[in-house]
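A.B. asks: What follows is a structure written as structure tokens; I'll ask about it next.
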Amino acid sequence: MSEQPPDIAGLRQSLDEVDSGIVRLIAQRHEVIAAIAKVKERGAAGIQDTERERRVLDSVEAVARDLGVSASLVRRIFRELISDSVAQQARHLTGDEGGYVRVAFQGAPHAYSHAAAQKYLAGRGLDGDLTGFRTFREAAGALLAGDADLAVLPIENTTAGSINEVYALLREHPLFIVGEETWKVDHCLAATSDVPLSSLSQILSHPQGLEQCAQFLQSLPQVAPTSYFDTAGAMQAVADSDDPRIGAIGSPEAAAAYGLVVLRRDIADAENNYTRFVVLSPAATAVDVRIPCKTSLILATRHEEGALLRCLEVLSGSGHSMTKLESRPRPGRPWEYVFFLDFEGNIADPRTAAAIDELRSAALYIKVLGSYPAKALRHRARPGGLPGPQDAESPAETLEAVAAEEPAPRRSRQYKLVSRAARQPGTVIRIGDTLIGGDGFVVMAGPCSVESGEQISATARFVRDHGAHVLRGGVFRPRTSPHSFQGLGWEGLDLLVAAGRETGLPVVTEVMAVDQVQRMAKAADIMQVGARNMQNFDLLRELGKVDRPVLLKRGLSSTIDEWLAAAEYVVAQGNQQVILCERGIRTFESATRNTLDLSAVVVVRERSHLPVVVDPSHGTGTARYVAPMAWAARAAGAHGLLIEVHPQPAEALPGAEQSLSFEDFAALMQRLATIPGAPAGSPQP
Ligand code: PEP
Ligand code: MN
């Protein structure tokens, strides 16, 4: 008896015909693109025309709507087609149609790096021999020894951040960047057979894989997460073990390649997880100026006031948009940094070459890592308008489309009021006689929490006498555990305000809930929004309605753009007095409590007119690291500091490890006075 309706075979055949028709149309499109590439070859115009791309997308979407097909599906397909035709034209211009290369990558076959390398080769019409190495260093070593022509190495991940070892390799060796590739990371859990998750006792993956699935792993308390050199290698090890109690985290493709069963898909904590790879070569290559390019360089700045800012001004002043700035320690030179910078431009273009020459004289050291075709082609959001009625997409679909559009948005539309473009001179906030923003530098200091009248007033006197401008002290405490000290509440606020009055210092304290805002605004001079509340939008809106400065801390895992969008919530309600506070973010680094992102200072100064201060206490979590980071923050152009100081640091509730003693604070302030801050008015993109 047939279980299928009799005509299914016929229907499938029709579907196959439609599908091959689609492929034939793509081939036809290719021919037309080739003809266009020939015409453009003679002109000087760039091969990417964003206006034209937008019109193409708009018109195919309109057709989709007319036909009752999902406009977002059609948009996604056409975006891929357009990217492909730009790549096709680029290949035509560079003449590198075809060819054979030896490529080194890190990991076992079917690792993410392997997939990215294959994608890169396919995009360039190249064939290759791909070899996996155990470490990044070994892959780079093969390139340097002449055993490979290219190496494809990951440089940053949208969840886990930058890969420092690859930056170190670029700094240490004569390696150049000739291309980039992006890959969407989709982690799955796989095992040798279809077992229940509860029967697993061990899960292997690369440390980054384990880190990116931390929440999922926490839901399996019986499992021991185990580091492995590579995700695909972990899959292979599980397959080799033939032990059904061991699982591995990696790509579904790797699971399939090693004959494993996928137990659960999409297990990463963050939904849109991308890795960007750089393609390295022992020599830089020249790219036709009509191809949209990025240029990367390493820069060490002079030991002069505002040196980094001056370098950035050279780029912005010559119309080059920066896409990434990363600071790394300068080896052997404590508290000096080298910067890795990416911007849109091509050294073959005289304008870019001139900017780099100017940079050379502004900087202490420059290595141009290369100009290479930009992979993440920016498709700017369309202006205004809501999606049409047929365009109803699920929120997940929308997120995906947005992510595909712009994995690392440069100029976000999520904020405009706080953006630099909205206001040229930076915002300066006045609290009594204290100015926050502009050329000033303010130090806010005091205990993590107000514990007693004596504690807060002794601290207030000491910090005032040693140059602090604002007194800090928490009274409502955002504690990770409900069993920890929760603060003295309103009574604590009275003690804080009294200590402030006695010493003439304005006070800053954290507001935790919407219903505290009005009452607290009457007593506190600055209201702090804690990292854990950065996206408490009701709280932000409420703070937007009062005439009180707000100190907005960066969320534990928030991007700079999310942080600025949170500030926009306050400003959009009318209260323009927002001070941003960088306090460290969560990364895979565990040597410090958080990773203090000092590059956020320069990025915020470029993207926004709001003042930005740095909290090295929470940023490092260790008292002896606080002063150096405070000095670095000032040098980077911060408008001030927020520092925890306690009369008996060992007894601080909480903050024992990170609070400075009076003596430490005095020493910090003494040296701080010798460090120049950012020059007046910089940067002015
Ligand atoms: C604090 O400033 O004491 C505090 C709790 O900070 P954060 O919200 O940055 O953790
Ligand atoms: Mn604290």
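A.B. asks: How long are the three semi-axes of the equivalent ellipsoid of segment 463-506, in whole Å, if each is the root of 5 times an eigenvalue of the C-alpha gyration tensor, listed from largest down?
C.D. replies: 25, 12, 6
A.B. asks: I need the shape label for segment 37-185. Rule: rounded when a/c is under 1.5, else prolate if a/b > b/c, else oblate, with a, b, c from the alpha carbon gyration tensor.
C.D. replies: prolate
A.B. asks: Not counting ligands, DNA or RNA, and with a 1.4 Å probe, what is PHE662's accessible surface area in Å² rounded to the nearest 10?
C.D. replies: So the heavy atoms of PHE662 present about 50 Å² to solvent.
A.B. asks: In addition: Considering only DSSP beta bridges whose two residues both sit in the chain, what percent are antiparallel, to the nearest 5?
C.D. replies: 55 percent
A.B. asks: If you don't mind, another one. For segment 62-160, with only Lys/Arg (+1) and Asp/Glu (-1) charged at the beta-carbon, what is the dipole magnitude about the Cα centre, in debye rounded to 20? Each step should come with its number before you reach the end.
C.D. replies: Working: 10 positive and 11 negative charges, 77 e Å.
Value, rounded to 20: 360 debye.
A.B. asks: Output the peptides 65-77, 569-581 sorted from most to least packed, where packing is the average of other Cβ atoms within 10 Å over each peptide's residues.
C.D. replies: 569-581, 65-77
A.B. asks: In addition: Rounded to the nearest 10 Å², what accessible area does LYS375 have for a 1.4 Å probe in the complete protein model?
C.D. replies: 70 Å²
A.B. asks: Would you mind putting 350-357, 558-565 in packing order, based on average other-beta-carbon counts within 10 Å, highest first?
C.D. replies: 558-565, 350-357
A.B. asks: Filter the GluC sites (Glu not before Pro) in segment 29-127 to those in DSSP coil with at most 13 other Cβ atoms within 10 Å of their Cβ, and list the result.
C.D. replies: Sparse-neighbourhood loop GluC sites (Glu not before Pro): GLU97.
A.B. asks: May I ask you to evaluate 6.51 cos²θ - 1.76 cosθ + 1.60, the Karplus curve with θ = phi - 60°, for each residue of segment 428-435 and list the ³J(HN,Hα) values in order in whole Hz, giving x for glycine and proline?
C.D. replies: Once rounded to whole Hz, the list reads 10, 10, 9, 10, x, 8, 9, 10.
A.B. asks: What shape does the chain have by the C-alpha gyration tensor, where a ≥ b ≥ c are the square roots of the eigenvalues, rounded means a/c under 1.5, and otherwise prolate means a/b greater than b/c and oblate the rest?
C.D. replies: Prolate, since a/c reaches 1.5 and a/b exceeds b/c.
A.B. asks: Based on DSSP H runs of at least 4 residues, each adding -39500 (n - 2.57), what is the mean residue ellipticity at 222 nm of the chain after dividing by all its residues, to the nearest 500 deg cm²/dmol?
C.D. replies: Roughly -12000 deg cm²/dmol at 222 nm, from the helical runs in the chain.
A.B. asks: Further question: To the nearest 20 debye, what charge dipole does the chain have about its Cα centre, counting +1 at the Cβ of each Lys and Arg and -1 at the Cβ of each Asp and Glu? Walk me through the numbers on the way to the answer.
C.D. replies: Details: 69 positive and 82 negative charges, 371 e Å.
Magnitude of the dipole: close to 1780 debye.
A.B. asks: Give me the angle, in degrees from 0 to 90, between the Cα long axis of helix 453-465 and the longest principal axis of the Cα atoms of the chain, rounded to the nearest 10.
C.D. replies: Helix 453-465 sits at roughly 80 degrees to that axis.
A.B. asks: Which one of TYR365, ILE246, SER557 has its Cα pushed farthest toward the positive end of the charge dipole of the chain, where Lys and Arg give +1 and Asp and Glu give -1 at the Cβ?
C.D. replies: With unit charges placed on the Cβ atoms, the residue in question is TYR365.
A.B. asks: Give me the percent of the accessible area of the chain that comes from carbon and sulfur atoms, probe 1.4 Å, all protein chains in place.
C.D. replies: Its accessible area is 53 percent carbon and sulfur atoms.
A.B. asks: For segment 35-105, what relative contact order do you get, as a whole percent, if you take Cα pairs closer than 8 Å and at least 6 residues apart? Before the final figure, lay out each step's value.
C.D. replies: On the way: 25 pairs, mean separation 23.8, N = 71.
After rounding, I find 34 percent.
A.B. asks: Further question: Rounded to the nearest 10 degrees, what's the angle between the helix 231-241 long axis and the longest principal axis of the chain, both from Cα atoms, 0 to 90?
C.D. replies: 70 degrees
A.B. asks: Check cross-link reach from LYS119 to the lysines: straight Cα distance under 16 Å, and skip same-chain residues fewer than eight apart.
C.D. replies: Correct list for LYS119: LYS184, LYS375.
A.B. asks: Segment 421-438 to segment 578-637: how many Å between their Cα centroids?
C.D. replies: 20 Å
A.B. asks: Can I ask one more? With a cut-off of 8 Å between alpha carbons and a minimum separation of six or more residues, what is the relative contact order of the chain in percent?
C.D. replies: It comes to 10 percent, rounded to a whole number.
A.B. asks: Now for a different question. If you plug each phi of segment 188-193 into the Karplus form 6.51 cos²θ - 1.76 cosθ + 1.60 with θ = phi - 60°, what whole-Hz ³J(HN,Hα) values come out, in order, with x for Gly and Pro?
C.D. replies: 10, 9, 10, 8, 6, 8
A.B. asks: Follow-up question, since we're still on this one. With an 8 Å Cα cut-off and a minimum separation of 6 or more residues, compute the relative contact order for segment 576-685 in percent.
C.D. replies: Values: 192 pairs, mean separation 26.0, N = 110.
Across segment 576-685, relative contact order equals 24 percent.
A.B. asks: If one takes the longest principal axis of the Cα atoms in the chain, at what angle in degrees, from 0 to 90 and to the nearest 10, does the Cα axis of helix 350-362 lie?
C.D. replies: 30 degrees
A.B. asks: Given a 1.4 Å probe, how much area per residue of the chain is accessible, in Å²?
C.D. replies: On a per-residue basis, 45 Å².
The values are calculated or read from the model by the stated rules, or taken from the named source; none is laboratory data. The shown structure was predicted, so the numbers you read here are calculated from the model rather than taken from an experiment. For neighbour counting, all protein chains shown are included, and Cβ atoms are generated from backbone atoms with ideal geometry for every residue, glycine included. With ligands, DNA and RNA removed, areas are computed over all heavy atoms of the protein, side chains included. Shrake-Rupley method; radii C 1.70, N 1.55, O 1.52, S 1.80 Å.
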